[in-house]
1. Per-residue ellipticity at 222 nm for the chain, helices alone: DSSP H runs ≥ 4 residues times -39500 (n - 2.57), over residue total, nearest 500 deg cm²/dmol?
2. Probe radius 1.4 Å, ligands and nucleic acids left out: which of L60, L80, L126 has the largest accessible area, and how do the rest follow?
3. Need the full-extension length gain, E186 to I7, defined as separation in residues times 0.36 nm minus the C-alpha distance. One decimal, nm.
4. Keeping all protein chains in place and using 1.4 angstrom, which order do D141, D98, D134, D179 fall into by accessible surface area, from largest down?
5. Take the alpha carbon gyration tensor of the range 123-188, find the square roots of its eigenvalues, order them as a ≥ b ≥ c, and report rounded if a/c is under 1.5; if not, report prolate when a/b exceeds b/c, else oblate.
6. Identify which of Y28, Y97, Y20 has the largest mean-square fluctuation in a Gaussian network model of the chain, with springs joining Cα atoms closer than 10 Å.
7. For A64 and T175, FRET efficiency with R0 = 22 Å and r from the beta-carbon atoms, rounded to 0.05?
8. For the range 1-86, calculate the relative contact order in percent as a whole number, restricting contacts to Cα pairs under 8 Å that are 6 or more residues apart.
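The values are calculated or read from the model by the stated rules, or taken from the named source; none is laboratory data. Quick caveat: nothing in here was measured; it's all calculated off a predicted structure. Positions of Cβ are backbone-derived with ideal geometry, glycine not excepted, and every protein chain shown enters the neighbour counts. Protein only, heavy atoms only, side chains kept; ligands, DNA and RNA dropped before computing areas. Shrake-Rupley method; radii C 1.70, N 1.55, O 1.52, S 1.80 Å.
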Amino acid sequence: MQKVTEILAFNKKFVENQDYEKYKTTKYPGKQLVVISCMDTRLVELLPKAMDLHNGDFKLIKSAGAVISHPFGSVMRSILVAIYELGATEVLVIGHYDCGMSSIQSDKMLAKMEERGISQETFAVLKHSGIHLDKWLQGFDCVQEAVRGSVEMVKNHPLLPPGISVHGLIIDPNTGKLDLVVDGYEHE
């Protein structure tokens, strides 16, 4: 059975049984937090549990490596929406140890793309359009520096209002232990 077919079958029963009732909340984050974390599967349930965060407490934005790669990209836009429209007052950038982004090499990923049917012509068009795939796809060497870089991008954004604390943390994907990298209260 295809995955979406399985999901839809489950969902039909979920709705019929009104299992959604226990998840009802508002769109406003109760703890006024916006969290940017990695998309790593180990963090889906571990991260909120390790932080005592529950449904309705926070806005969660996921990206590879918890990296905010562009000051006017979709991650930064989501942060600003969470602040201006939904009442978030603190931002937490949370990377993790043993992150897959620390081993990503753009040349190897580009080779995998080519193996799966992306043509040299497509790569050439993107290059001539000013898109530097090698830089865009590159991972990072140090998770602490990646977290600091994303924190700095948020903190120094021209549209970030005064009084927003921006923190940087790293979580252990095995134990849930959090290490503070940037204390946003110290930089207010």
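1. Computed ellipticity for the chain at 222 nm equals -10500 deg cm²/dmol.
2. Ranking L60, L80, L126 by accessible area, largest first, yields L60, L126, L80.
3. On the way: separation 179, 0.36 × 179 = 64.44 nm, distance 4.52 nm.
Full extension of this stretch gives 59.9 nm more.
4. Details: D141 155, D98 115, D134 90, D179 45 Å².
Output order, biggest surface exposure first: D141, D98, D134, D179.
5. Taking the square roots of the gyration eigenvalues as a ≥ b ≥ c, the range 123-188 is oblate.
6. Y20
7. Efficiency, rounded to the nearest 0.05: 0.50.
8. This gives 31 percent for the range 1-86.
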